[in-house]
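The values are calculated or read from the model by the stated rules, or taken from the named source; none is laboratory data. Since we're looking at a predicted model, the values are computed, not measured. Virtual Cβ from ideal backbone geometry, glycine too; neighbours counted across all protein chains shown. For accessibility, only protein heavy atoms count, side chains too; no ligands or nucleic acids. Shrake-Rupley method; radii C 1.70, N 1.55, O 1.52, S 1.80 Å.
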Number of protein chains: 2
Amino acid sequence: MTMTMGLIVNHLTKGISLPHTTVDLLDPGSVDTEVQGIVTAFSASQYVIEQAISLGANFIITHEGIFYSHQRMHECLLHDPVFSQKSRLIADAGIGIYRFHDTIHRYQPDGVMVGLLQALGWHNYMVKQQPTAAILTIPAMKVKEIAEYIKAKLHIRYVRVAGEVSMPCERVGISVGYRGGGDLAIPLFLNENVDVVIAGEGPEWETPEYVKDAVYQGHSRALIMLGHAESEAPGMKYLADVLSAQFPMLPVHFIEDHPVFQIL
Amino acid sequence: MTMTMGLIVNHLTKGISLPHTTVDLLDPGSVDTEVQGIVTAFSASQYVIEQAISLGANFIITHEGIFYSHQRMHECLLHDPVFSQKSRLIADAGIGIYRFHDTIHRYQPDGVMVGLLQALGWHNYMVKQQPTAAILTIPAMKVKEIAEYIKAKLHIRYVRVAGEVSMPCERVGISVGYRGGGDLAIPLFLNENVDVVIAGEGPEWETPEYVKDAVYQGHSRALIMLGHAESEAPGMKYLADVLSAQFPMLPVHFIEDHPVFQIL
């Protein structure tokens, strides 16, 4: 059987209902193109695309999009040299890029969360699974110990921490990606009684300000922001492992990208 | 003449047209209440409110809101002890809180930007003023030197930097608050030919990913994210200086709050 991009996409999306506003899309790419190799990554960055080309992979599956936006492309890019150069590279290479965002988040359990928990070695600690968060009971650790543990496990250089760093924690709420905002993260403290929320990214004036106030009032609360890519890349690495097992005849690679920020 | 909260609000908003969706509001508070003293701050945090009370100031003017949200309050807070405790403190103290966000951003030039440029000692370097950014020509400095300069001037412990840290820069684009997103920040590179954008906060998958791609392609680009509060607090400090000069009979204090995050 010829392994086409359409076949892989159908396999990934089987049984998942998506809203018609979904951002998941094969673009560029044709469902009939034969897949020579697959690369998975957090985003279809210039680096990831060049790596895919040098690996001979013609199909890239990424969680975030190609052009620095969740939904519609920023109009300002149309005359931008970075956009032109990247577009030309993609067109010349004839690769297909599949944005795999909404579907994997709708897996039961969320595939990106599964990847993160596996990378942390915490998958056996989950006591509750919500649509946008996992609740864990872990062996007691202080917030600063959790931060060091995460940095070592995920090979990341820093995390941003709000609240009590010396507080011992057992009950942990984890949200990947941009789910660190107040609507999703704050209720975990009251409704799920978590000591600490670990999230990817969120507005600074929402959950971090709430945690700051809570601690100033004498409550025990903490928040660890991993970074958006840092929280979701493990899910795309996990996807590469799964695809590799399901399609053993296809070369499948996860590309670890460079962090967007350094701390100065 | 009695200095009422209404008089101060009228003074601050004179000549400024606001959309009917504005978040600027005196709540709690009455226009007829006599002002005993004014506190300005980035946000009406528990710490800021307690400081205002201990200073005998009954009128707080803040840029961001009280309850961790830009517009409507998160419903999840209604049964939250942090919300209850803060609400009770505000009610018991009988203070007025004026959210001063949209108006100060509509000053010509933007009052928050003026405060930041003054704090950086860069107000004489502005060559162009846009509604959401200032364009500066500064004496040439490397990105990492700019980062160190900013940290020293604003007394902040870290900045997040994307792109080329050793690149010399002369043309700088500055945006305060949550104006670091792709729509506002990316065009500064092409249309304004800036070497570096300095912003408060923005989604990590937008401008930072663009800068990463640009540098990987061989373009010279950099981005310095100051933090949301770090970029806007100087504007509220500047406001305190202005109000103090305009109302010499009133005690006016700027409260420097603690940073929400520490880096681990």
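For the pair region B:8-47 / region A:1-30, the C-alpha centres are spaced 51 Å from each other.
If you run the Gaussian network model on chain A, springs between alpha carbon atoms under 10 Å, then out of A:Ala222, A:Ala214, A:Ala52 the most flexible one is A:Ala214. Put +1 on the Cβ of each Lys and Arg and -1 on the Cβ of each Asp and Glu in region A:168-264; which of A:Val197, A:Cys169, A:His253 then has its Cα farthest toward the positive end of the dipole? About the Cα centre, the residue reaching furthest to the positive side is A:Cys169. Annotation: amide H of B:Val23 within the under-5 Å range of B:Asp102, sequence separation 5 or more or interchain, hydrogens built in the peptide plane. Label separation (A:Glu170 vs B:Val165): 4.1 nm, computed from points 7 Å beyond Cα along the C-beta direction.
When the surface is traced with a 1.4 Å probe over the full set of protein chains, A:Glu75 keeps roughly 150 Å² accessible.
Taking Lys and Arg as +1 and Asp and Glu as -1, the other residues whose beta-carbon sits under 11 Å from that of B:Ile138 total -2. From helices alone, chain A scores -11000 deg cm²/dmol at 222 nm; the rule is -39500 (n - 2.57) for each run of n ≥ 4 DSSP H residues, then divide by the residue total. Nearest-to-axis residue in chain B, judged by Cβ distance to the rotation axis that brings B onto A and given in whole Å, is B:Ile263, 3. Hydrodynamic analysis of chain B uses the Kirkwood radius over alpha carbon pairs. Inserted into Stokes-Einstein at 25 °C and 0.890 mPa s, it gives a translational diffusion coefficient of 126 µm²/s.
Can you list the aspartates and glutamates whose alpha carbon is less than 13 Å from that of B:Lys153, not counting same-chain residues fewer than 8 positions off? Excluding near neighbours in sequence, the set is B:Glu145, B:Glu230. Other residues lying with their Cβ under 11 Å from the Cβ of A:Glu64 contribute a combined charge of -4, Lys and Arg counting +1, Asp and Glu -1.
Between B:Thr207, B:Thr22, B:Thr103, the GNM of chain B built on Cα springs shorter than 10 angstrom shows B:Thr22 fluctuating the most. Couplings for region A:13-23, taken from phi via the Karplus curve 6.51 cos²θ - 1.76 cosθ + 1.60 with θ = phi - 60°, read 9, 4, x, 9, 8, 10, x, 6, 8, 4, 8 Hz in order; Gly and Pro are left as x. The residues of chain B expose, per residue, 40 Å² of accessible area to a 1.4 Å probe. Region B:61-114 gives an Rg/Rh value of 1.08, both radii derived from C-alpha positions and Rh following Kirkwood. Name the residue from A:Leu117, B:Ala44, A:His155 whose Cα lies farthest towards the positive end of the charge dipole of the protein assembly as shown, charges +1 on Cβ of Lys and Arg and -1 on Cβ of Asp and Glu. Positive-end residue among those listed: A:His155. Compared with the dominant principal axis of the Cα atoms in chain B, helix B:182-191 is inclined by about 40°.
Computed from backbone phi, the HN-Hα couplings of region B:164-172 come to 7, 6, 9, 6, x, 10, 10, 9, 10 Hz, rounded to whole numbers (Karplus: 6.51 cos²θ - 1.76 cosθ + 1.60, θ = phi - 60°; Gly and Pro given as x).
One decimal place: the segment B:Tyr149-B:Leu55 gains 30.6 nm when fully extended, by the rule 0.36 nm per residue minus the C-alpha distance. For B:Gly96, the amide hydrogen comes within under 5 Å of the amide hydrogens of B:Phe59, B:Ile60, counting only partners 5 or more places away or on other chains and with H modelled in the peptide plane. Taking A:Met225, A:Met249 and ordering them by how much accessible surface each has at a 1.4 Å probe, largest first, produces A:Met249, A:Met225. Chain B and chain A together bury an accessible surface of about 6000 square angstrom, both sides counted, with a 1.4 Å probe and no ligands or nucleic acids included. When the inverse distances between all different Cα atoms of the protein assembly as shown are averaged and flipped, the Kirkwood radius reads 24.5 angstrom.
Amide H to amide H distances under 5 Å link B:His253 with B:Ile38, B:Val39, B:Thr40, where only residues 5 or more positions off or on other chains count and H is placed in the peptide plane. When A:Cys76, B:Cys169 are compared by accessible area at a 1.4 angstrom probe, the order from most to least is A:Cys76, B:Cys169.
Here the Karplus relation 6.51 cos²θ - 1.76 cosθ + 1.60, evaluated at θ = phi - 60°, turns the backbone of region A:251-256 into coupling constants of x, 10, 10, 9, 9, 7 Hz, with x for every Gly and Pro.
With the simple spin-label model, which puts each label point 7 Å out from Cα in the Cβ direction, the B:Glu192 to B:Asn124 separation comes to 2.1 nm.
For B:Tyr149, the point set 7 Å out from Cα toward Cβ sits 4.3 nm from its twins in the other copies, listed from shortest up.
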